[in-house]
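The values are calculated or read from the model by the stated rules, or taken from the named source; none is laboratory data. A quick note: this is a predicted structure, and the numbers were derived from the prediction, not measured. Quick reminder, even Gly has a Cβ in these numbers, built from the backbone with ideal geometry, and neighbours come from all protein chains shown.
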2 protein chains.
Amino acid sequence: MKQLRHEQGIKEFGINLRKIRESKGFTQEMLANKADIEISQISRIERGIINTSISQIINIANALGIHPKELFEIEVGE
Amino acid sequence: MKQLRHEQGIKEFGINLRKIRESKGFTQEMLANKADIEISQISRIERGIINTSISQIINIANALGIHPKELFEIEVGE
DNA sequence: ATAAATATGGGCATATTTGCCTAAAGAATT
DNA sequence: AATTCTTTAGGCAAATATGCCCATATTTAT
């Protein structure tokens, strides 16, 4: 595994993304194609091993038909 | 200027961040210190020239005392 | 107008992300 | 059990972000 720095919230973000993606009936591949992102990248994001960017977040949200905000419906450490 | 790729939403994100930061009475420096991020980085984010990451978004939101979701209260191109 | 505070701009080295690829593991179906 | 679908894992090169530094511009206050 990687996980070099303890990045704030990326684990929870990935878990939430996966939950939403599955609830929409998307495979990682379907989402990747629609969001124009690599499949392996979706996997990395969902597993919380990378700290992805605003624009990918927005592209993913668009592909899922949700608002980017929803991807942040997570517990954020104070 | 930079702005190589037309990154989805990063301009709007930056504008919104600035609006919120100013409404809270923070200078870029105050926010940077509290969020443990470089001042120049705050400037770059607000101007929309970089595509920052989940964890920086969360750190900034925490520093501002808001939920990360609020930073995404932007018009997102469909 | 001057001074002080804030923000921009840029360069540079380092770190991280991203896409592309292949292999393999795991899950679901037949 | 075998086949197929889905996800994980890792390597690699190129692109991008980040921190650190300093100089300049812009704004705000005196």
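Results, tabulated for the structure shown:
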item	result
Subset tally (residues that are touching a residue at least 60 places away in the same chain (Cβ under 8 Å) and touching a helix residue (DSSP H, G or I) at 6+ places or on another chain (Cβ under 7 Å)) for the range B:10-29	1
Hits in the range B:61-78 (condition: charged (D, E, K, R) and assigned to a helix (DSSP H, G or I))	B:K69, B:E70
A:A35, sole failed condition from (1) touching a Ser or Thr at 6+ places or on another chain (Cβ under 9 Å); (2) modelled with pLDDT of 95 or more; (3) of a type in the set (G, A, S)	(1)
Residue among B:I58, B:I50, B:I10, B:I54 that is closer than 20 Å to A:I45 by Cβ and in contact with a Pro (Cβ under 8 Å, 6 or more places away or on another chain)	B:I58
Leading residue by the ranking (farthest from A:E7 (Cα to Cα)) among those in the range B:30-50 that are touching a Lys or Arg at 6+ places or on another chain (Cβ under 7 Å) and of a type in the set (V, I, T)	B:I49
Out of A:I20, A:I58, A:I45, A:I49, sole residue that is in a helix (DSSP H, G or I), farther than 23 Å from B:G48 by Cα, of a type in the set (A, V, I, L, M) and at pLDDT 95 or above	A:I20
Long-range neighbours under 6 Å by Cβ, at least six apart or interchain, first residue touching a residue at least 24 places away in the same chain (Cβ under 8 Å) within the range A:39-51, second basic (K, R)	A:E46/A:R18; A:G48/A:K11; A:I49/A:K2; A:I50/A:R44
Subset of the range B:46-78 that is under 9 Å from the mean Cα position of the chain (by Cα) and more than 9 Å from every other protein chain (Cβ to nearest Cβ) - its residue that is nearest to B:L17 (Cα to Cα)	B:E46
Residue, farthest from DNA strand D (Cβ to nearest atom), within the range A:7-35, restricted to residues that are among the small types (G, A, S) and surrounded by fewer than 19 Cβ atoms within 10 Å (Cβ to Cβ)	A:S23
Residue selected from the range B:36-76 under the condition of a type in the set (G, A, S) and under 21 Å from A:Q56 (Cβ atoms), by the criterion farthest from DNA strand D (Cβ to nearest atom)	B:A61
